[in-house]
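Quick notes on the structure that follows.
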Amino acid sequence: MAALPDLRHARRLVVKVGSALLVEQGKPRTEWLATLAAEIAELRKTSEVIVVSSGAIALGAAKLKLPKGGRGSLADAQAAASVGQVELARLWSDALGHHDITAAQMLVTIGDLEDRRRYLNASATLARLIEAGAIPVVNENDSVATEEIRFGDNDRLAARVAQAAGADAVMLLSDVDGLYDRDPRQPGAELIERVEGVTPEVIAMASEESSSGLGSGGMLAKLQAARIAERAGIALAIVNGTYPSPVSRALDTPVGTLFVPQADASARKAWLGGRLAPSGVVTVDAGCVAALEKGASLLAAGMTEIEGEFARGDLVAIHGPKGERLGQGLVEYTSAECRSILGLKQDQQAQKLGYAPRAAVVHRDHMVHT
C-alpha cells in the first residue's frame, strides 16, 4: 500500500476509534457514529473489517457520575469500564445493526496478546467471527486491567489486533490530520503524508500535547503502534476522525499520514516485536552491540547489567551501554542465572551454573531489533 486511497482495497482492515470521537461530555455521539457505521458497511463490500473502540470508561463515568472522567483512581476506572462497556457494546450493535451487520464484543487484556498461546487463541476467535459474518469490536478489558499490566491506549492495541488478525492495514481515527513535522499549532507546521520507517527522527516529531485529554493515546503512542505494524508488514494510517464520514474524507481528499510497511517478519518475530511488557532488562557492552547489529545472538560475555526478576522464556529488553533500546527477546536463563554468569565467557559459565551452558542468553532466532 503506497498511498491512503489504497486502504480501500485492503483485504482486512482494522479501524480504531478513540474516546474523544465517540463520547462528548459523557454522551455518545450517535449521529457521528451512524456516519462511520455506514462507511464500515461500505468498506465491507471489498474488505473484512475489525473495529477497535475506546469509550467504555468515559461512558461509564458519566453514568456513575465519577469525577475526572472516571480516571481519578484505578478503582474508578475499573468501575467505569464495567458499566460503560455495556453501553459501548449497545452503541456498536445498534449502529452496525442498521446495516444488517452483527457486532461481536471482544475484550482483551495485554496478557491475551503477550502470551503466545493466548495470542493464537485470540487470533482464532477473530478469524471465526469474521468467517461468520460478524464485525469484532475489540477493547481493552479495563475492568480488570491494572496500571502496571495494560496496553494503556488503544492505538497499540489496534496494531496488535491487526497482527493477530493477519490484517493488511490499520486506520487510527485521531483528533488531528496526521503526523506533523512539529506541533501542528506552530506556524509553518507541515503534515507528513508518507513515512518510510519509524526512525528516531520521526519519533522526535511527536507532540505529547496531541492527545485530546479524554483518551489515553497521544501521537507518541500512535508512532509506537506504527512501529509494531510496520514490522509485521502492515500499513498504518493516522487520519482525522472528528468529521462526519471520516473515512471518506481521509481517503478521497486524501488527508492523513500513511506509514508504509518496512518488513514482513515471520509470525513469531512479529509477535515478539509487538510485545509491550518485558519482564526485565539486559544491558550489554559496545562489543556486544556491534555483534548484535551483525545478526549475532546475545552472549553472557557481553552482558554488563541485569535489571528485574525474570524466568527462563520471559521477554527481556536489551539495552546498550548508554541505556539505548536495542531490541527484545526471549531469555534462556533466569535473572539469577544471568547475574551469576554476567560477563563470563562460555568456558567459565559451567562452574557458576552447575550445568553445561546454553548456546546463548538470547538466541538471534528469538530476538527482534528496535
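The values are calculated or read from the model by the stated rules, or taken from the named source; none is laboratory data. Remember, it's a predicted structure, so these values are computed and weren't measured experimentally. Heads up, the Cβs are rebuilt from the backbone with ideal geometry, glycines too, and the neighbour counts pull from every protein chain shown.
Things to note:
- Output for the stretch 328-340, where each listed residue is of a type outside the set (Lys, Arg) and either closer than 19 Å to Val289 by Cα or surrounded by 13 or more Cβ atoms within 10 Å (Cβ to Cβ) (or both): Gln328, Gly329, Leu330, Val331, Glu332, Tyr333, Thr334, Ser335, Glu337, Cys338, Ser340
- Test: residue in the stretch 341-356 that is aromatic (Phe, Trp, Tyr) and buried (at least 16 other Cβ atoms within 10 Å of the Cβ): no
- Going through (1) closer than 23 Å to Ile234 by Cα; (2) assigned to a loop (DSSP other than H, G, I, E, B); (3) in contact with a helix residue (DSSP H, G or I) (Cβ under 7 Å, 6 or more places away or on another chain) one by one, Ser143 falls short only on (1).
- As for the stretch 315-327, it holds no residue that is outside the structural domain of Asp115 (by TED's automatic domain parsing), of a type in the set (A, V, I, L, M, F, W, C), surrounded by fewer than 17 Cβ atoms within 10 Å (Cβ to Cβ) and within 30 Å of Arg117 (Cα to Cα).
- Checked across the stretch 285-296, the condition of being outside any helix (DSSP H, G or I), crowded, with 18+ Cβ neighbours inside 10 Å and not basic (Lys, Arg) holds for no residue.
- Residue within the stretch 14-24 that is at pLDDT 95 or above, under 24 Å from Asp100 (Cβ atoms) and in contact with a His (Cβ under 8 Å, 6 or more places away or on another chain) present: no
- Tabulated pairs, the stretch 156-184, first in contact (Cβ under 8 Å) with a residue 24 or more places away in the chain and within 23 Å of Arg8 (Cβ to Cβ), second part of a helix (DSSP H, G or I) and among the basic types (Lys, Arg), C-beta under 8 angstrom, 6+ apart or interchain: Leu172/Lys222; Ser174/Lys222; Leu179/Lys222
Residue-by-condition table, conditions (1) within 30 Å of Ile192 (Cβ to Cβ); (2) surrounded by 24 or more Cβ atoms within 10 Å (Cβ to Cβ); (3) not small (Gly, Ala, Ser):
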| site | (1), (2), (3) |
| --- | --- |
| Thr30 | no, no, yes |
| Leu33 | yes, no, yes |
| Ala38 | yes, no, no |
| Pro67 | no, no, yes |
| Arg71 | no, no, yes |
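- Flag if Ala2 is part of a helix (DSSP H, G or I) and farther than 17 Å from Ala158 by Cα: no
- From the options Val260, Val361, Val368, residue that is at pLDDT 90 or above, crowded, with 18+ Cβ neighbours inside 10 Å and either within 20 Å of Glu230 (Cβ to Cβ) or aliphatic (A, V, I, L, M) (or both): Val361
- Any hit, the stretch 6-14, residues being in the same structural domain as Ala229 (by TED's automatic domain parsing) and over 29 Å from Glu230 (Cβ atoms): no
- Of all residues in the stretch 197-226, those being in a loop (DSSP other than H, G, I, E, B) and at pLDDT 85 or above number 3.
- When the residues of the stretch 117-154 are filtered to those that are of a type in the set (D, E, K, R) and surrounded by 14 or more Cβ atoms within 10 Å (Cβ to Cβ), the one that is modelled with the lowest pLDDT is Arg150.
- Counting the residues of the stretch 263-289 that are at pLDDT 95 or above and either more than 26 Å from the chain's Cα centre (by Cα) or of a type in the set (D, E, K, R) (or both) gives 6.
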